[in-house]
Amino acid sequence: MAKSSSLVMKASLPRRRRVHRPRRSPTKPERAATAEEAVLLAGVDGAADIFGAAGCPRSPEYPVVPDMDDCVVDGVDDAPATALGRRPSDETLVVHAGEKLGSGGEAGTDSIVTPIVSGTTHWFRDSANLIAFREGRRQSFEYGRYGNPTVQVLEDKISALERAEATLVTSSGMNAIVATLLALVPPGGHVVATTDCYSEARAFIRDKLSKMGIRSTFVDLDDMEALESVLDQGNVTMFYADSPTNPHLKVVDVPHVAELCHRRGALVCIDSTLASPINQKPLTLGADVVLHSATKYIAGHHDVIAGCVSGSEALISRIRAWHHDIGGAISPNAAYMIIRGLKTMALRVEAQNRTALRMARLLENHPKIERVYYPGLESSPWHGVARRQMTGAGGVISFEVASDLHGVMRFVDALELPLIATSLGGCESLVQQPAVMSYWGQSDEEKAKNGIKDNFVKFSFGIERFEDLRDDILQALEKI
């Protein structure tokens, strides 16, 4: 499998004439004005922060380069610069990485659109050609389970966004999780995970890895002393966590955790699905591996299931070897659909960031809402960490309604725009009441242990107009 291509733009591109136009990253007065407008629209008093309408952190002013102005996390600038003099923005990378920016496309075509290479096997013109491939002197593909030109373009795009040396795309997020754990945690190893990591990942770590002689310990993100205590006991192979968590939206202090773990020889694996590569880049913060359910923000249209894992070439090669054995190769058709969806991810996520923040501020001050969970709110205990390592808090908020199980069911049923469904990150807004969906049939004790109350609601915002969603939620609350 070819390595992720470096992003080098052809020097022959004509220089574009500078024109005066507003910067994508607003000036300080513009940020203040925009934030003030957002607060007024939401009917909430408060100061703007990095999760305001612009969705960008307060970052140093950069020279104006046509079409390349971008907001970046401080210190994150690891991707190779182009001939234009600086790293392309995420908005540009989602469109061109792996295609125009890179090798020109592994599919070997001059088509603007990466084609779907559906062949399951690839042929060699002679034995010398085959030997050159085996010895790594010729880049090519052999069999669909080991790699595919269309899939390689997608992997290159994600690598560019995550600032990773390599990426493996799989048939589902759970497949990426399983392959990563099996590859990087040997028998006799020890996984430390957070109590509120993805439920199926938690079950696999607790119930399946234990049968392979792998120990597991679960710690609460609110208790970092417990993590230090476990690490001090030695023999920890990996720390595994979601950031933000689902559905309570806690945020891992990745640099701090990475420093603690690396000092004791443990790897750090972060599932960044609820952030997306637009809002957070864990590898630049110190993580060793970053996972995504690409079904969510990356694909973004609720029409394809996939997962991905990014990191160093050395680690991804180990994961890829296990992935070849357990299967889970993504189809070229699915990869094509993700490539297409990925090109609008920056636009979608920026809109979802804005809507979620404005709605969280509105609901935080609504008399029928008891509590709002969203790291973009200054009232959130995770706001400080989120400010330091994220450029937006994402499109998911959770809240507790001042009612009982049936009152919240009336609220959910009265909503006209959102769909009652699991998942997140797509164009359509989704809503669920976990007590009657994700945790249906579980005991009160199990629900309480996971922080799930009967009045708890999780809302994943799509790209609909904020005012339409606002009016819909407000009218539904009146039905309680």
Number of the condition not met by VAL117 [criteria: (1) touching a Ser or Thr at 6+ places or on another chain (Cβ under 7 Å); (2) closer than 25 Å to LEU291 by Cβ; (3) at pLDDT 80 or above]: (2)
Positions within region 393-417 being part of a loop (DSSP other than H, G, I, E, B) and either among the polar types (S, T, N, Q) or over 14 Å from MET359 (Cα atoms) (or both), in sequence order: ALA402, SER403, ASP404, LEU415, GLU416, LEU417
Can you tell me which residue in region 164-183 is farthest from ILE316 (Cα to Cα), limited to those that are open to solvent by 20 Å² or more (accessible area, probe 1.4 Å) and in a helix (DSSP H, G or I)? MET174
Write out, first by first residue and then by second, each pair whose Cβ atoms fall under 6 Å of each other, whose residues are 6+ apart or on separate chains, and whose first residue, in region 121-137, is in the same structural domain as ALA329 (by the TED database) while the second is assigned to a loop (DSSP other than H, G, I, E, B). HIS122/PHE141; HIS122/GLU142; LEU130/PHE124; ALA132/ARG138; PHE133/SER140
Checking LEU424, LEU469 in turn, the sole residue that is under 20 Å from CYS197 (Cβ atoms), at pLDDT 95 or above and either not in a loop (DSSP other than H, G, I, E, B) or not β-branched (Val, Ile, Thr) (or both) turns out to be LEU424
Single residue of region 293-316 satisfying the filter (open to solvent by less than 10 Å² (accessible area, probe 1.4 Å) and among the hydroxyl-bearing types (Ser, Thr, Tyr)) that is nearest to GLU428 (Cα to Cα): TYR297
Here is a check on your reading of the model: is GLY327 small (Gly, Ala, Ser), within 19 Å of ALA179 (Cβ to Cβ) and open to solvent by less than 10 Å² (accessible area, probe 1.4 Å)? no
With the requirement that a residue be outside any helix (DSSP H, G or I), over 25 Å from ASN353 (Cα atoms) and not basic (Lys, Arg), what does region 253-302 give you? GLY265, ALA266, LEU267, VAL268, ASP288
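Give region 227-271 a look and list any residue that's at positive phi and more than 23 Å from the chain's Cα centre (by Cα), or say none.
Those that are at positive phi and more than 23 Å from the chain's Cα centre (by Cα): GLY234, ASN235, GLY265.
Hey, can you tell me all the residues within region 184-202 that are within 23 Å of VAL252 (Cα to Cα), of a type outside the set (Asp, Glu) and open to solvent by 10 Å² or more (accessible area, probe 1.4 Å)? Quick ask: steps written out before the conclusion?
Of the residues in region 184-202, the ones within 23 Å of VAL252 (Cα to Cα) are 184-185, 189-202.
In the following step, the residues that additionally are of a type outside the set (Asp, Glu) were identified as 184-185, 189-195, 197-199, 201-202.
If the condition is that a residue be within 23 Å of VAL252 (Cα to Cα), of a type outside the set (Asp, Glu) and open to solvent by 10 Å² or more (accessible area, probe 1.4 Å), then THR195, TYR198, SER199, ARG202 are the ones that fit.
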Answer yes or no: is there a residue in region 376-385 that is at pLDDT 95 or above, among the hydrophobic types (A, V, I, L, M, F, W, C) and either assigned by the TED database to the domain that holds ASN246 or surrounded by fewer than 22 Cβ atoms within 10 Å (Cβ to Cβ) (or both). yes
Index of the failed condition, PRO186 passing every other in (1) touching a residue at least 40 places away in the same chain (Cβ under 8 Å); (2) assigned to a helix (DSSP H, G or I); (3) out of contact with any helix residue (DSSP H, G or I) (no Cβ under 6 Å at 6 or more places or on another chain): (2)
Considering every residue within region 463-471, establish whether at least one is over 24 Å from ILE298 (Cα atoms) and in contact with a Pro (Cβ under 8 Å, 6 or more places away or on another chain). no
Scan region 451-466 residue by residue and report those that are touching a residue at least 60 places away in the same chain (Cβ under 8 Å), assigned to a strand (DSSP E or B) and within 19 Å of ALA402 (Cβ to Cβ). PHE456, LYS458, PHE459
Quick one: which of SER423, SER429, SER398 is closer than 24 Å to ALA346 by Cβ, surrounded by 15 or more Cβ atoms within 10 Å (Cβ to Cβ) and touching a Phe, Trp or Tyr at 6+ places or on another chain (Cβ under 6 Å)? SER429
Every pair of residues 6+ apart whose Cβ atoms lie under 9 Å, when the first sits in region 197-209 and is closer than 15 Å to LEU221 by Cβ while the second is in a helix (DSSP H, G or I) and modelled with pLDDT under 90: none
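Being open to solvent by 10 Å² or more (accessible area, probe 1.4 Å) and either within 20 Å of ARG263 (Cβ to Cβ) or among the acidic types (Asp, Glu) (or both) is the filter here; which residues of region 276-286 pass it?
LEU283, THR284, LEU285, GLY286
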Only one of ALA448, ALA476, ALA435 is open to solvent by 10 Å² or more (accessible area, probe 1.4 Å) and either free of Cβ contacts under 8 Å to residues at least 60 places away in the same chain or part of a helix (DSSP H, G or I) (or both), namely ALA448
Within region 213-242, restricting attention to residues that are open to solvent by 50 Å² or more (accessible area, probe 1.4 Å) and either modelled with pLDDT of 95 or more or not in a helix (DSSP H, G or I) (or both), which residue is farthest from LYS296 (Cα to Cα)? GLN233
Search region 123-150 for residues being touching a helix residue (DSSP H, G or I) at 6+ places or on another chain (Cβ under 9 Å) and among the basic types (Lys, Arg), and hand back the single one that is farthest from SER331 (Cα to Cα). ARG137
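The values are calculated or read from the model by the stated rules, or taken from the named source; none is laboratory data. Bear in mind the structure is a predicted one, so any value in this text is a computation, not a measurement. Neighbour counts run over all protein chains shown; Cβ positions are idealised from the backbone, glycine included. For the accessible areas, the whole protein counts, side chains as well, though only heavy atoms, and no ligand, DNA or RNA atoms are used. Shrake-Rupley method; radii C 1.70, N 1.55, O 1.52, S 1.80 Å.
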